[in-house]
C-alpha cells in the first residue's frame, strides 16, 4: 500500500503536463517494485490490487504521450496483473487497450522496450478476456503485429512476443483470427519453430490450432509440413495442447489425399524420437 500511495502522490490523475514534468525515477521505481510484488505473490495479490489505487494510476501512466521510460514498466505491470489477478482489470481495460494498441504501432526505435511489453501485455489480456470484450480489438492488434513477424521486419527482438500474442488471440476469438490466417500462418510457423517451449508458446499454439481447425484450407502443404514437424518435435505439450494437436492431425488426415498425407506427415515420426531436431 505504501508503494501505491507513493505512486499516487507523484501522479495527478488528469494533469498530464504536470505528469510529464516529473522525474522518471519517481514513477518508474514504484512501478518496478509493484511488478516484483505482483510476480512474487501471484493470485494472492488480488485483495491488495482491489483495495489500492494501482489500476486507475496505471491508466494514467499508460497515456500515449508519456515517456517511454515510464510506459515500459507500466505495460509490464499491466501484463503482470493480467497474469496474476485478471479479475481486477476489466473495469479499466476499455481505457487501457487503445493506449496499448497505439504502442503496438509505434515505430520509434526509442519505444522498443515499451512496445515489446505492450505486445506481451495484450497477449496476457487476450487469453483471459472473452470474445464479447476482446473481439473488437482483434483486428487492430493483428494489423499491428502481423507485419512484425514477416521476413522484411527489422524488429527481430519483438518477434517472439508478437508470435505468441498472435497465436493467443485465437483462443477466444477463433473466427476473427481465422480471417487473417492466410496472411500469417506460414511465417508464424517458421518464426515459432525456433522458439523454446514455454507456457506462453503452449497457449499460443492452442490458439493457432483452434484457428487451423476452423480454417484448415488456409495452410498450404509447406505450412502443414512445418506444423507437423513442430508437433513431432514438441517435448512437453500441455494436456489442452495435446488434444488440439490430435484434432489438427486427424482433421488433415481426413482432408488430404493419401499422397498429400504421406508428403506432409513425415515430421510426425519424430514423436518416437528421444531428442528434438533443431
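Miscellaneous remarks
- Search result, residues across segment 210-261 that are outside any helix (DSSP H, G or I) and farther than 24 Å from residue 179 by Cβ: 234, 235, 236, 237, 238, 257
- Between 206, 143, the distinction of being free of Cβ contacts under 8 Å to residues at least 12 places away in the same chain and in a helix (DSSP H, G or I) belongs to 143 only.
- Here 37, 54, 70 are screened, and the one residue that is out of contact with any strand residue (DSSP E or B) (no Cβ under 7 Å at 6 or more places or on another chain) and within 23 Å of residue 200 (Cβ to Cβ) is 37.
- Residue within segment 169-186 that is at pLDDT 95 or above, in a loop (DSSP other than H, G, I, E, B) and over 27 Å from residue 140 (Cβ atoms) present: no
- Among the residues listed as 47, 98, 151, the single one being in the same structural domain as residue 179 (by TED's automatic domain parsing) and either surrounded by fewer than 17 Cβ atoms within 10 Å (Cβ to Cβ) or part of a helix (DSSP H, G or I) (or both): 151
- Exclusive hit being out of contact with any strand residue (DSSP E or B) (no Cβ under 8 Å at 6 or more places or on another chain), modelled with pLDDT of 95 or more and at negative phi, set 243, 222: 243
The values are calculated or read from the model by the stated rules, or taken from the named source; none is laboratory data. The shown structure was predicted, so the numbers you read here are calculated from the model rather than taken from an experiment. Because the Cβ atoms are built from the backbone with ideal geometry, glycine has one as well, and the counts that use them run over all protein chains shown.
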